Amino acid sequence: MSLKRIYDNWSQVTAATGTPGSARRRAWRAYLATRLAIAYWGDSWFSTPLYRNLYWNSFARVDGLSLRLGGPGLTAARMCTAAACRNTADRLRSREFDLVALSIGGNDCLGPRLAAIFDGAGRLPVDAAYQAVVDDGVFVRLRERYAIVLTALSAVGGDFRVVGHGYAPLQRIGASGATSIKNLGLAAPLIGNVGPWLWPAVRPVLGTHDAARAFARRLLVDGFRDQVLAPSRADFPELFTYADFSRITDAALPDFWYDEIHPTEAAFSVLAAGFNPMLRAALPASKRTAVRS
C-alpha cells in the first residue's frame, strides 16, 4: 500500500499506518524520516470547497503528507472540546506527526453570534461596538479554546509544534461569493451565494461600509491577534507561534478578496508565502528544507 500525500480523515491514516509493529508502520516511519507529517486543522480557510485555499497553497510547497481536520463554518467552540483535542493529540503522537497548522476562531466572531451581541443596541461608534464585543467575552472564550487545544497538543512532546495565523484586513464588506458548477460541483445550485457574515450583523449598529471595515480591522485583525494569538503564544512559548497577516499590502485591494471573509485562490497563495516560513521556523533544523515559501 503506497502512501498518499493527502489524508481526509483518521480512518485513512489508520489504514495507512497499520499496527505499531507492522510493515505499514515501518514504511510510514521511513517516509517521515526526511519528510513532514502535517495536520491542517481548521475552518473554511483550510477547507473551503470553492477553490485552492490556504491549506492547498501551503501544502503544495511541502515535501510530505497531510491530514485535513475540521470543516467549513465550524467554530472553535465546536472543534476544540477537551475530549476531541485529547483524542487528536493521542493520534498525532502515535503517528509521529511533526506539526499542526491551526486555523480556528474567525467563525466564533461572526454571523449570528456577532448579531446577538448587538441585538437592540441601536447605532454605535466603531470603538463602542468593538468594546461591546470585548465585554461580551468573545476573546476570552476563544482564548480558552486555544488553551484547551494547546494544552492537549503539548502532550505530544518532542519537537512537535503548532502554528496558527491571524487575518488580513477585510475590504469587500457585505460581498457574497458567487458559486458555480466549476467551483462547487453539482452542489452549486443548492448553495447559491456564500456570505456575507459580518455586514448583516453590524449594519444596524454601524450603518456604513467604512465603519464596518474599521470595526472588522479591530475585531478580526488587531483584536484577534492581541487578545487571542499573542497571549496564547505567551502561555505556550515552546509549542505555539503564528503568522501575522495584518501587514499584507495586497489585502488592501478589493480583488484580493473572493467574498467578505475569504481571499481568492491567488490571494491565498500570497498568504501561504507568509505562512510557510512560520511552519519552517517551527521545525527542527533537520526537517526545515521540507517546507518552501
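Every read-out reported here was derived from the displayed coordinates using simple, explicitly stated rules and does not represent laboratory data. A quick note: this is a predicted structure, and the numbers were derived from the prediction, not measured. Reconstructed Cβ throughout: ideal geometry from the backbone, glycine too, with neighbour counts over all protein chains shown.
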request  = Mark the label point 7 Å from the Cα of Ala234 along Cα→Cβ and return the residues of segment 108-144 whose backbone N is within less than 17 Å of it.
outcome  = 139-144
request  = Sticking with the crude label model, points 7 Å out along Cα→Cβ, report the distance from Thr289 to Arg5 in nm, one decimal please.
outcome  = 1.9
key: Simple spin-label estimate for Arg123 and Thr151 in nanometres, 7 Å along Cα-Cβ   = 4.5
ask   = Using the 10 angstrom Cβ neighbour count as an exposure proxy, how do Met278, Met79 rank, fewest first?
value = Met278, Met79
key: Extension gain from Glu144 to Asp222, taking 0.36 nm per residue of separation minus the Cα-Cα distance   = 26.3 nm
message = Springs between alpha-carbon pairs under 10 angstrom, Gaussian network model over the chain: which of Pro20, Pro204, Pro263 fluctuates most?
response = Pro20
task = Before anything else, pin down the relative contact order of the chain: Cα pairs under 8 Å, at least 6 apart, normalised by residue count, whole percent.
result = 23
task = Using only Cα atoms, locate the centre of segment 213-273 and the centre of segment 16-48, then give the distance between them in Å, rounded to an integer.
result = 27
inquiry  = Could you sort the peptides 38-45, 267-274 by per-residue average Cβ neighbour count (10 Å cutoff), highest mean leading?
reply    = 38-45, 267-274
note = Listed with the fewest Cβ neighbours within 10 Å leading, Val202, Val156 appear as Val156, Val202
query = GNM, the chain, Cα, under 10 Å: largest mean-square fluctuation among Thr241, Thr151, Thr249?
reply = Thr249
ask   = Calculated from DSSP H runs of 4 or more alone, at -39500 (n - 2.57) each and per residue, what is the 222 nm mean residue ellipticity of the chain, nearest 500?
value = -12000 deg cm²/dmol
